[in-house]
Structure formats: structure tokens, C-alpha cells
Amino acid sequence: MVRTEFISTGMYVPERVVTNHELEGMMDTSDEWIRQRSGIEERRWAAEDEGGSDMAKVATERALEAAGMGVDEIDCIIVATLSPDHFFPGTGVFLQRKLGVKDVPCLDIRNQCTGFIYGLEIADAFIKTGQYRRILLVGTEVHSSGIILSTEGRDTAVLFGDGAAAAILGPTDDADRGVLAVRTHADGRHAEKLWAPAPACISKPFISAEMIEAGLTRPHMEGRDVFKHAVTKMPAALKEVLEVAGYSIDDLDMVVPHQANMRIAQGVAKGLGLPDDKMYINIQRYGNTTAASIPIALHECVAEGGIQRGDLVGFTAFGSGFTWGGALVRW
Ligand code: UT7
């Protein structure tokens, strides 16, 4: 039986570090509030002309180097982002052009914080059917151009950060390794609880000075409600993939969760009875990088030796949509 394995990973975050103290000078917030409520200490902001495709390119080149692979070996590109370089076409084709990969399909997916898990589910299906053999799966986000740096936008401005990470995925015949299970979910009844109302093709025109003036292009979030759902759906997603693959919580060596809030990750660990050192958290350094957060955390966890070959690794995410999901991988 063919399974999908992670051949390598790579990540890139912009050079500019923005501390909580720096944000204090832009809006009515405090380092103490941000740390206590979210665990975030600093985040990265992309340079003026740096887009998601630029960051994804560097992350991909690092992943390719780690795999000892050439760019021409990639036969499919999947990009997960909620902050595309342009309204259309998707970021995938800009990434393809910048990498110099010719004539491979570029699929853009819009599943926000669960984007990497949705992308993994698609890539896993493609690889298992033999459709593609070397899939580049990237999560990349530039939030710094969408947030509002004033007290009006502080509830989201302090949380989100920029960054990208890539995974190269391919088939393995080793039945004990690779992706063991992926499950994704959505509930559109909650779409407006975390969203950017504009630009909106449902309105004519789809963007106007009034819309910008009314703050419709910035993220809007009902934080407490999102929190409440996240702490139930994230552990449920993890339990689901464990059950599908025939494992239990005790079998897990590491969980790499979407990094939305340190309190959410700790709450998930506590609820599952998972020791703190089996829940990887790096939100302190990057904030919430949405579709990039799981692959960034995965890359760092592997680099720090937190995941070894043969380990059972769980992913879990929850976010805008609402969307959520989990994955189980034998590393
Ligand atoms: O990745 C996608 C999924 N996203 C999430 O999972 C995020 C889920 N939500 C959360 O993580 C938390 O709800 C937040 C970190 C966003 C907020 O924490 P909270 O403990 O739920 O705070 P709150 O929204 O209930 O706000 C508490 C107070 C409010 O003031 P009042 O109404 O009590 O006077 C806010 O106006 O904190 C105020 N506030 C701030 N104060 C200082 C909101 N943002 C800020 C800020 N600095 N940046």
C-alpha cells in the first residue's frame, strides 16, 4: 500500500521582528495583555514589496535543498493562503514562476488556519492514486498588510504574523510510515465570526473607499466564540484521526497544533491528558501565521529534535469558516 511521506520541510520568516512593546506605540495595548491572553511575544512583518509567493519561494528552496532535490522534480504545487499576492490569479502561479517550475498544476486553497491540513488531505489523495509523485505543499501568509494598526483593529492586529513554510511530499511503500489519517470539517454557519467582509464580489463595486473607510477590509473576529469552538474542535479532530488509524492519545509522541493562542494549545493538551512537552508551541516568536503555522511549527520542532524518525505525530487546526481538521503521521 502506498502512503504519503514528508520528504522534507523548509521555512522562511521575514527579517523584521515586531515586539509587543513596538505595538504599544501604535495602539492602546500592552505587552502584558498580549502575553497573558495569547502567549505571543513577537511576530514578523514582511518587507514593503515582499509577498506570500516570495516567502514561499525561499521556504521551498530550503525544503528542496534539505531533500537534495531539484525544482524540476516537483510535479504539483498546492498553496494554502488567505492572504494571496493578488485577487486573482492565485499565489500558486506566482510561486511557480518565481521557482522556475514549468507546466505543473498550481492549486490554491482557501481554508485559512486549517489550510495546511486541507492541503495535506488533497496531496495525500493525489499521491495515493499515483496522480503526482512530488507535491509541494506550502502555507504562506502576509497578514501585516491586512491588519489595522490602531486601537480599532487591536483585537486582531496583535495576534497575526507573517511567514511561510513548505513540505515536499511523495510516496513510500513502507506501510508503517507517512500519513496515516487526515480528516477535515467545516461549518459555514459561523463564517462571519472570523472574516474580512471586503473586497466582496457579492457587492457592486467589489471594493470602494467607503468599504475601506468602514474597516470592512480588515479581519473581524468574535474572539471569545472562536476560542470556545477551537478548544472543543481541535481535540475532537485529533481524537478522530487517532481512532481512524487505530491509536490512542498515549501513543502520540508529539502534537503540532495550529498556533492561534498558547492558551488554546495548553487547553487542548490538558483536555486530552497530553503532557505539555508533547504539545509543540512556538507562537511566542511568530504569532498566528494561519496556513503557515503548522508547517512552521513542524519544521522547527523537527529541527530542534522534538520529532524523530518513527515518531507518531498529530496535527490539529481550527479557524475561519469555521474549518477544522486533524492529521496523523508516522514520521
Ligand atoms: O487562528 C484562527 C482562530 N483564532 C483563534 O482561535 C482566536 C481565538 N480567540 C482568542 O484567542 C482570544 O479570544 C483573544 C486572544 C482574541 C482575546 O482574548 P480574550 O481573553 O477572549 O479577550 P476578549 O476578546 O474577551 O477581550 C477582553 C478585553 C476587551 O475589553 P472589555 O470589553 O473587557 O473592556 C477587549 O476590548 O480586552 C480588550 N482587548 C484588548 N486590550 C488590549 C481586545 N484586544 C486588546 C488588545 N490589547 N490588543
Bin width 10 Å, origin at 0, all Cα-Cα pairs of the stretch 178-330: what percent of pairs per bin? 11, 38, 30, 14, 7, 1
Label-point gap, in nm, between Val2 and Arg133 - each point 7 angstrom along Cα→Cβ: 0.9 nm
Give the Kirkwood hydrodynamic radius (Å, one decimal) of the stretch 3-172, defined as one over the mean of 1/r across all pairs of different Cα atoms. 16.7 Å
Using the Karplus curve 6.51 cos²θ - 1.76 cosθ + 1.60 with θ = phi - 60°, what ³J(HN,Hα) values do you get for each residue of the stretch 52-64, in whole Hz, with x for Gly and Pro? x, 5, 5, 5, 5, 4, 5, 4, 5, 4, 5, 5, 5
What lysines sit close enough to Lys239 to cross-link, taking a C-alpha to C-alpha distance under 27 Å and skipping anything fewer than 8 places away on the same chain? Lys128, Lys193, Lys228, Lys270, Lys278
The distance between the Cα centres of the stretch 202-241 and the stretch 294-317, in whole Å, is 27 Å
Enumerate the residues in the stretch 285-300 having an amide nitrogen under 20 Å from the point lying 7 Å beyond the Cα of Arg263 toward its Cβ. 285-290
Pull out the extension gain between Asp311 and Lys239, defined as 0.36 nm times the separation in residues minus the alpha carbon to alpha carbon distance; nm, one decimal. 24.2 nm
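Which value in deg cm²/dmol, rounded to the nearest 500, describes the helix-derived mean residue ellipticity at 222 nm for the chain, given -39,500 (n - 2.57) per DSSP H run of n ≥ 4 and division by the residue count?
Result for the chain: -10000 deg cm²/dmol, rounded to the nearest 500.
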Quick check: pseudo-label points 7 Å beyond the Cα along Cα→Cβ at Glu192 and Arg16, how many nm apart are they? 3.3 nm
For the chain, average projected area of the Cα convex hull in nm²: 16.1 nm²
In order over the stretch 260-276: 3J(HN,Hα) from phi, Karplus 6.51/-1.76/1.60, θ = phi - 60°, whole Hz, x for each Gly or Pro, gives 9, 6, 4, 5, 5, 4, 5, x, 5, 4, 4, x, 8, x, 9, x, 3
Tell me the relative contact order for the chain as a rounded percent, counting alpha carbon contacts under 8 Å between residues six or more apart. 25 percent
antiparallel share of DSSP beta bridges within the chain, to nearest 5, in %, is 70 percent
Contour minus Cα-Cα distance for Glu73 and Ser145 (0.36 nm per residue): 22.6 nm
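Bear in mind these aren't lab numbers, they're just calculated from the coordinates by the rules spelled out. Everything quoted here is computed from the prediction, not taken from an experiment. Positions of Cβ are backbone-derived with ideal geometry, glycine not excepted, and every protein chain shown enters the neighbour counts.
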